[in-house]
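The values are calculated or read from the model by the stated rules, or taken from the named source; none is laboratory data. What you are looking at is a predicted structure, and each value in this text was computed from that prediction instead of being measured. Neighbour counts run over all protein chains shown; Cβ positions are idealised from the backbone, glycine included.
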Amino acid sequence: MALTKNFLDYLALEKRYSLHTVKAYKADLTLLSDYLDEIYSTSIDKANHSMIRSWLVNELNRGNTPRTVNRKITTLKSFFKFAQKEGAVKINPTLRLKSAKTSKGIPSFVTVDEMNKLLDEKEFSDDYEGKRDRLIVEIFYSTGIRLSELINIKIKDIDFSKKQLKVLGKRNKERIIPLTQELITSLEKFLEIRNSMKIKFNSYLLLTEKGRKLNPSLVYKTMNKLISSVTSLKKTSPHILRHTFATHMLNSGADLNIIKELLGHASLSATEVYTHNSIEKLKKVFNNAHPRA
């Protein structure tokens, strides 16, 4: 449908959304279109509030979490706002849609001792891949960046003299992250090894042995395996190191607004979830220290 294509082009070209986000929006709109065609024999531009609400209820019944359904609502609100602006629909059928209630879980994180064990005691292979994988762990933990941001780091993004890293985050928003001297040293040693390898020139920092840019799934699987070796947590994706970075920073006294900027969050509410871990730590200290606890 031309309207959907125009909307996706608008997201990619004007709003400069990431490819991953555009794909997610496209998938949501495709699911809705298929549902409307099958159940109501109509197209998405003819949908009304009841039809859309029916689809969202169906998505919940299919096992989607409230958080996932809320993301779909965001997609629809954005799409119909665009459609109304383009004159494709007269009435926006999403105006009365309400978000599904979600429970805010406390983000899981790796403890300081476990991170020390992973970085200081874990035996990595002495070849290029081993040194690269250890560096990936160190970058994740020292900067709190996302997986998509990590694989897109270019050598020119690192300012060794100023000890800082330029990161291109969501919606192509740039931010500067300070680097520890320990990480600077690790990066310098890694680049010596990388430059000595007979691989084609590539501007990206982290590559495969054949000189290709890293695939997200490779990093995901590698980090999952490494993190699982030092913790009993159920979730051991690379994103848990982002949670770990934020939690350890907060517990060490870092200002919440500073953490927000380092993580690249658009609003403080997204960062405040980490205060729950800090409160839990306070409770633990209180219960262990107070005579009547």
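Among the conditions (1) among the charged types (D, E, K, R); (2) surrounded by 13 or more Cβ atoms within 10 Å (Cβ to Cβ); (3) touching a Phe, Trp or Tyr at 6+ places or on another chain (Cβ under 9 Å), the only one that Lys46 does not satisfy is (2).
Total residues in the range 115-164 satisfying the condition of being under 22 Å from the mean Cα position of the chain (by Cα), polar (S, T, N, Q) and farther than 14 Å from Ile184 by Cα: the figure is 2.
Residue check: is Asp159 acidic (Asp, Glu), at pLDDT 95 or above and farther than 30 Å from Ser54 by Cα? Criteria met by Asp159. Comparison of Lys98, Lys90, Lys104 shows that the only residue that is among the basic types (Lys, Arg), at pLDDT 90 or above, assigned to a loop (DSSP other than H, G, I, E, B) and loosely packed, with under 13 Cβ neighbours inside 10 Å is Lys90. In summary, Leu29 fulfils each of the numbered conditions (1) modelled with pLDDT under 95; (2) over 21 Å from the mean Cα position of the chain (by Cα) with the single exception of condition (1). Can you confirm whether Asn64 is in a loop (DSSP other than H, G, I, E, B), out of contact with any helix residue (DSSP H, G or I) (no Cβ under 6 Å at 6 or more places or on another chain), among the polar types (S, T, N, Q) and modelled with pLDDT under 95? Yes, satisfied. Within the range 59-75, residues that are over 10 Å from Asp28 (Cβ atoms) sit with their Cβ atoms under 7 Å from residues that are among the polar types (S, T, N, Q), at 6+ positions apart or across chains, in these pairs: Pro66/Thr102; Arg67/Thr102; Asn70/Ser99; Asn70/Thr102. Of all residues in the range 200-257, those being touching a Phe, Trp or Tyr at 6+ places or on another chain (Cβ under 7 Å), assigned to a helix (DSSP H, G or I) and either more than 17 Å from Tyr274 (Cα to Cα) or among the aliphatic types (A, V, I, L, M) (or both) number 4. Residues in the range 1-19 that are among the hydrophobic types (A, V, I, L, M, F, W, C) and either in a loop (DSSP other than H, G, I, E, B) or over 25 Å from Ala47 (Cα atoms) (or both): Met1, Leu13, Leu19. Of the residues in the range 113-162, how many are within 17 Å of Val219 (Cβ to Cβ) and either β-branched (Val, Ile, Thr) or outside the structural domain of Leu179 (by TED's automatic domain parsing) (or both)? So the answer is 7. Pairs meeting the criteria (first residue in the range 209-227 and touching a residue at least 40 places away in the same chain (Cβ under 8 Å), second residue among the small types (Gly, Ala, Ser), beta carbons under 9 Å, at least 6 apart or on different chains) are Pro216/Ser148; Tyr220/Ser237; Met223/Ser237; Ile227/Ser237.
Counting the residues of the range 145-184 that are polar (S, T, N, Q), surrounded by 11 or more Cβ atoms within 10 Å (Cβ to Cβ) and outside any loop (DSSP other than H, G, I, E, B) gives 2.
Among the residues of the range 252-270, the ones that are touching a residue at least 24 places away in the same chain (Cβ under 8 Å) and loosely packed, with under 10 Cβ neighbours inside 10 Å come to 0 in all.
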